[in-house]
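Nothing in this text is a laboratory measurement; each read-out follows from the coordinates by a stated rule. None of the values given here were measured: they were computed from a predicted structure. Note: ideal-geometry Cβ built from the backbone for every residue, glycine included; neighbour counts use all protein chains shown.
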Amino acid sequence: MNILLLGSGGREHAFAWKVKQSERCSELFIAPGNAGTASFGKNVAIAVTDFEAIKNFCITEKIEMVIVGPEDPLVLGIYDFFIIDKSLQHIIVIGPSAAGAQLEGSKAFSKRFMQRHNIPTAGYGEFNESNFDDGIKYLEQHSTPIVLKADGLAAGKGVVICENSAEAKEVFTAMIKDRQFGEASAKVVVEEFLQGIEVSVFVLTDGKNYKILGHAKDYKRIGEGDTGPNTGGMGCVSPVSFVDQVFMQKVEKTIIEPTIKGIHEEGLTYKGFVFFGLIKVNDEPYLIEYNCRMGDPETEVVIPKLKNDLVHLFVAMHKGDLQNQLIEIDERACCTVMAVSGGYPGEYRKNMSITGLNKIFGQKEMLIFHAGTKQNDDQIVTNGGRVLAVTCFGDNIKEAVTSSMEVLKNISFEGMYYRKDIGYEFD
Ligand code: AMP
Ligand code: GLY
């Protein structure tokens, strides 16, 4: 089948690499893609939210499956756009409907959903202009630290952890009154701070059945030792030692099963990924957030570890045959380490030429996934904050991370930075 993949990050490069290995994939197109995805298919200059252009492309190129990488098109209703259009209805779209994508698109919606289905999560309040004063009182009475979240999508920047009540009131006011994150922060979820270790679990669902594809821990802070501002993710490891059978059983029973049952009971059309952002508090899993897509850079370890034919899984999911699929996961340790542009997550430069990619290619068992790159004549140049993710396997996390470090030593671009302590707790 002809497949269109939407997105342009490391996640999409990993998907392209995997999808192209499927016997079922004839032509692969990536919109808009990056310099890395171009090795596995044809990049097309269409924005992920330009539904009309996507429609025309799908018709012209006889696309039979659309894999949606990022959340924006899902929250904007790309699934529904395809379903209601007679010329597109036959195309399999991997991702939830707009209603299902609210699990990521609205923090208030997802918190209410968690409450309705008794899913363990942090206590919270929901505020906007109309109950602003109640919100201020809530903050004054609440213990700190306290977490403030813009309700809508804010490009990963809408969560602020406040150390004291004065700071919380300031941020709360900026979010609601000054629309710090635009309309996304017209409504704010105020949440109890949970202390623990985070891990994410990834599931594929048809809205009734589900399969766990893997788990990963990502390292969000820019600085070593988990310091400095949050980023989209500086690296990931999998497996995570505390995610043993006992913990996973708890996750399934208290979080995954009630979620899928809730999706089904509430009639949400959902044929795609659920990303469960979890935190282990003492020995119990709590749900911090849902995302309606795969994570980046989590995909760069979860997908290389997945042995199944991904396109086959998608087709089975679409046909309602997901429950009969046996998921096979590579048991080796896997990590990915992200090389970023100097200055990121603040301001950074683009168009820095990247050297060393050819030197190491094919020399060892490793995968270099491009995140923010583009081809400029015969040069590959940087085109984003996160530039490359280097994925390696090993007998243990330390070995995998050491291999990624060795690969990264061969690559350079002006201002390149990467964390050298990814997986540090698992030495
Ligand atoms: P998000 O943008 O929703 O992924 O949240 C960003 C990060 O904020 C999460 O990965 C956590 O590290 C942190 N966070 C969010 N909610 C909480 C909470 N209730 N307690 C502690 N940390 C949180
Ligand atoms: N790495 C976190 C995310 O994809 O949201």
| Hey, what number do you get for the chain at 222 nm if only DSSP H runs of n ≥ 4 count, each worth -39500 (n - 2.57), divided across all residues, to the nearest 500? | -8000 deg cm²/dmol
| In whole Hz, what ³J(HN,Hα) sequence does region 271-282 give by Karplus (6.51, -1.76, 1.60; θ = phi - 60°), x for Gly and Pro? | 10, x, 8, 10, 9, 9, x, 10, 9, 8, 10, 6
| Could you state the principal axis extents of the C-alpha atoms in the chain, from the largest down, to the nearest angstrom? | 59, 50, 44
| field | log10 of Debye I(q)/I(0), alpha-carbon scatterers only, for region 201-287 at 0.11, 0.13, 0.22 Å⁻¹ | value | -0.37, -0.50, -1.09
| R0 of 30 Å, Cβ-Cβ distance Ile59-Asn324: FRET efficiency to nearest 0.05 | 0.40
| Say each of Ala186 and Glu284 gets a label point 7 Å from the Cα, pointing the same way as Cα to Cβ; how far apart are those two points in nm? | 3.6 nm
| field | Förster-model FRET efficiency, 41 Å R0, Lys42 and Asn396, C-beta, rounded to 0.05 | value | 0.60
| said: Let me check against my output: what whole-number percent is the relative contact order of region 78-153, with C-alpha pairs under 8 Å and at least 6 apart? | reply: 28 percent
| field | Reachable lysines from Lys55, criterion Cα separation under 23 angstrom, eight or more residues apart if same chain | value | Lys20, Lys42, Lys86, Lys271, Lys319
| request: Please report the relative contact order for the chain, taking Cα pairs under 8 Å with a sequence separation of at least 6, and give it as a percent rounded to a whole number. | output: 17 percent
| note | Fewest to most Cβ atoms within 10 Å: Asp395, Asp85 sort as Asp395, Asp85
| said: Return the Rg/Rh ratio of region 330-427 with Cα-based radii and a Kirkwood Rh. | reply: 0.99
| said: Give me the dipole magnitude in Debye, nearest 20, for the chain about the Cα centre, with unit charges on the beta carbon: positive for Lys and Arg, negative for Asp and Glu. | reply: 640 debye
| message | Which one, Trp17, Ile397, Ala339, projects farthest toward the positive side of the charge dipole computed for the chain from Cβ point charges (K/R +1, D/E -1)? | response | Trp17
| query | How many percent of DSSP beta bridges within the chain run antiparallel, rounded to 5? | reply | 80 percent
| message | Please list 3J(HN,Hα) in residue order for region 142-147, calculated via the Karplus relation 6.51 cos²θ - 1.76 cosθ + 1.60 where θ = phi - 60°; whole Hz, with x for glycine and proline. | response | 7, 5, 10, x, 9, 10
| message | If I take the Cα coordinates of region 1-103 and project them onto the principal axes, what are the three extents in Å, biggest first? | response | 33, 27, 24
| said: I'd like the per residue volume of the convex hull spanned by the Cα atoms of region 237-298, given in cubic angstrom. | reply: 94 Å³
| note | Ranked from fewest to most other Cβ atoms within 10 Å of their own Cβ, Arg293, Arg24 fall in the order Arg24, Arg293
| remark: region 293-427: relative contact order from alpha carbon pairs under 8 Å, six or more residues apart, as a whole percent, is 29 percent
| field | Entries of Lys177/Lys217; Lys149/Lys280; Lys149/Lys374; Lys187/Lys253; Lys253/Lys420 with Cα pairs more than 24 Å apart | value | Lys177/Lys217; Lys149/Lys374; Lys187/Lys253; Lys253/Lys420
| query | Tell me, what are the semi-axes, in whole angstrom and largest first, of the equivalent ellipsoid of region 79-202 as set by the roots of 5 times the Cα gyration tensor eigenvalues? | reply | 31, 17, 12
| Residue-by-residue Karplus 3J(HN,Hα) for region 229-246, coefficients 6.51, -1.76, 1.60, Hz, glycine and proline x | x, 6, 10, x, x, 9, x, 8, 10, 7, x, 10, 4, 6, 7, 9, 4, 5
| task | Pop a pseudo-label 7 angstrom from the Cα along the beta-carbon direction at both Glu406 and Lys157 and give the gap in nm to one decimal. | result | 3.9 nm
| Inter-probe distance in nm under a simple model that places probes 7 Å from Cα toward Cβ, at Glu265 and Glu140 | 3.8 nm
